[in-house]
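The numbers here are math on the coordinates, done by the rules we state, and not lab data. Since the structure is predicted, the reported quantities are computational estimates derived from the model, not experimental observations. Note that we place each Cβ from the backbone using ideal geometry, even for glycine, and neighbour counts take in every protein chain shown.
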Amino acid sequence: MDRYESPAFARLFFAYTGSPSSIGGQLTLASERRYATAPLIVATHGDLALYPGNGESPTIEGFRLSTRGFKELTAVSHLGPALASLAQVKELDPHGPWPAAAEELLAATRETRAANSPELWRDLVRIKSFSGREPAIAAMVDYACAVTEQYLEQSLADPSYLTAETVRRDALEGPSAELPVPLNRIMVATFYLFGMDLGHRLITWFDGLGLPWEETMVIIAGRQGRPTAGVTRDSNSVAGVIGAASRGRLPDANLLIAPHAPVFPTYDGSNLDAVSALEPEYRRLWSGVRATCELGEQMFTGYPRFEPARSGSELPAIDGPADWFALTSRLRLVLEDPRQLLSGAVTDFAARQLVDNGNNPAQLLVPGLDDEPYPLCIVQGEAS
């Protein structure tokens, strides 16, 4: 179908937008010059870059995919969801290939259990914020693997056993005499350990930079976790950690979440030029959005201004590390809410506790790890 476009109207349209010489383009460039010397933080799915301004080279801090222990902790976090998913697969396709998947999970769990030890966590994984907790982490992993092995072995021996009900009763929920620590608590523990390490490293890094937070620009760029997650301030765990690290000094308006922004490649120590190359585009993005927002005061003086919601996170408040109803409720909510990052269930809680305790991980009580009755191993349901 032919579409008519009036040249006169097109000229009027492009007078305001569509090119650097348009009025809108000039406003963006003027705003970009205004903020050219301000520090700019850009967080991707795996790295943080600080662009100091005035053309200085960025500094990079890896915080997720390139950090120690990410796959090890995540592998243990997945044990509960893996069993629940297996039961769902079997329910949907009882005669399908679920036994092969169960066998693979069982073999991988046994191999992990054999490789696990305090020495692995202390000497090889070597996460600074875990110092002193390596024996407890190893005991937790051994126990989690043992529970998973036992459940899988029974399911393979008797397929009728594999149901959502038995996954909840015999693996996820508790505690009980047969299940002294349920896998739900281990999921909280691994998420908390990840959040504690993330928060500790980023708070340490930011504190060392001595940023003027009131003037700092922040962009969280690209995809964070599953495709629908992390697109709001309350659902983005990185935003929460940055806010905590600023001790409340970062203005809300200075932090932008930009899922469609370009993402620099994961930093490997040799590609600083690739990170630097995107600075102009990031500054233009932040400045253009900020300039448009600032028109509100000029155009609508006397009308109510936008204020971010002050109701707090949509996740339940946590009264403390023993508040298991709230902690477990968060697991369900982050799973069901497509906006949430799964690993962000307790990251905000860990970051706040770090700030309240001088960024000292040793002062924190890790829910699901500290003070839990982990036996050294489990054989046929009996601790030994």
FRET efficiency for ARG3 and MET299 from the Cβ-Cβ distance with R0 = 25 Å, rounded to 0.05, comes out at 0.20
Restricting to DSSP loop positions (anything but H, G, I, E, B) with no more than 16 other Cβ atoms inside 10 Å of their own Cβ, which trypsin sites (Lys or Arg not before Pro) remain in segment 320-364? ARG339
Listed residues SER22, GLY195, LEU285: farthest to the positive end of the dipole of the chain (Cβ charges): SER22
With 0.36 nm assigned to each residue of separation and the Cα-Cα distance removed, HIS260 to ASP337 gains 25.7 nm
Those chymotrypsin sites (Phe, Trp or Tyr not before Pro) from segment 292-360 that are DSSP loop and have at most 15 other Cβ neighbours within 10 Å turn out to be PHE300, PHE306
Which of LEU272, PHE300, PRO316 sits farthest toward the positive end of the charge dipole of segment 257-360, with +1 on the Cβ of Lys and Arg and -1 on the Cβ of Asp and Glu? PHE300
What are the extents of the Cα atoms of segment 1-57 along their three principal axes, in Å, largest first? 48, 28, 12
Size of charge dipole - the chain - debye, nearest 20, with Cβ of Lys, Arg +1 and Asp, Glu -1, no other charges: 1180 debye
Do any GluC sites (Glu not before Pro) in segment 108-186 lie in a loop, going by DSSP, with at most 13 other beta-carbon atoms within 10 Å of their beta carbon, and if so which? GLU178
State whether segment 1-95 is rounded, prolate or oblate according to the following rule on the C-alpha gyration tensor (a ≥ b ≥ c being the square roots of its eigenvalues): a/c under 1.5 gives rounded; otherwise a/b larger than b/c gives prolate, and the remaining case gives oblate. oblate
For LEU48, residues with placed amide H under 5 Å, excluding near neighbours: GLU61, GLY62, PHE63
Rounded to whole Hz and in sequence order, give me ³J(HN,Hα) for segment 84-92 from the Karplus expression 6.51 cos²θ - 1.76 cosθ + 1.60, θ = phi - 60°, writing x for Gly and Pro. 5, 5, 4, 5, 5, 4, 5, 5, 6
Can you compute the label reach from GLN88? Point 7 Å from Cα along the Cβ direction, backbone N cut-off under 18 Å, restricted to segment 178-216. 183-184, 187-188
Starting from the 7 Å offset along Cα-to-Cβ, what nm value, one decimal, do you get for the label separation of ALA177 and ASN360? 4.2 nm
What is the angle, in °, between the Cα long axis of helix 7-16 and the longest principal axis of the Cα atoms in the chain? Nearest 10 is fine, range 0 to 90. 70 degrees
Percent relative contact order of the chain, based on C-alpha pairs within less than 8 angstrom and at least six residues apart? 23 percent
Dimensionless Rg/Rh of the chain - Kirkwood Rh, Rg from C-alpha atoms: 1.05
Can you compute 3J(HN,Hα) from phi for each residue in segment 115-131, using the Karplus curve 6.51 cos²θ - 1.76 cosθ + 1.60 with θ = phi - 60°, rounded to whole Hz and x for Gly and Pro? 7, 6, 5, x, 5, 4, 6, 7, 9, 10, 5, 6, 9, 4, 6, 8, 3
Using the Karplus curve 6.51 cos²θ - 1.76 cosθ + 1.60 with θ = phi - 60°, what ³J(HN,Hα) values do you get for each residue of segment 45-60, in whole Hz, with x for Gly and Pro? 6, x, 9, 10, 10, 9, 9, x, x, 6, x, 5, 5, x, 10, 10
Determine the gain in length on full extension of the stretch GLN150-ILE23; use 0.36 nm per residue of separation and subtract their C-alpha separation, reporting nm with one decimal. 39.0 nm
So for segment 237-384, what percent of the C-alpha to C-alpha distances run longer than 23 Å? 60 percent
Mind checking the log10 I(q)/I(0) for segment 67-219 at q = 0.18, 0.20 Å⁻¹? Debye, one equal scatterer per Cα, no solvent, two decimals. -1.04, -1.20
Sorted by chain and number, the residues with a modelled amide H under 5 Å from that of ILE220, at a separation of 5 or more or across chains, are ALA43, LEU256, ILE257, ALA258
Mean ellipticity per residue at 222 nm, deg cm²/dmol - from DSSP H runs of n ≥ 4 across the chain, formula -39500 (n - 2.57): -14500 deg cm²/dmol
Looking at the chain only, what percent of DSSP beta bridges run antiparallel? Nearest 5 please. 55 percent
Return the distance in nm (one decimal) between the two label points of a simple spin-label model at ARG249 and ARG34, each offset 7 Å from Cα along Cα→Cβ. 2.3 nm
Taking 0.36 nm per residue of separation and subtracting the Cα-Cα distance, what length does fully extending TRP205 through ASP123 add? 27.2 nm
Cβ-derived FRET efficiency at R0 35 Å, ALA322 paired with THR59, nearest 0.05: 0.35
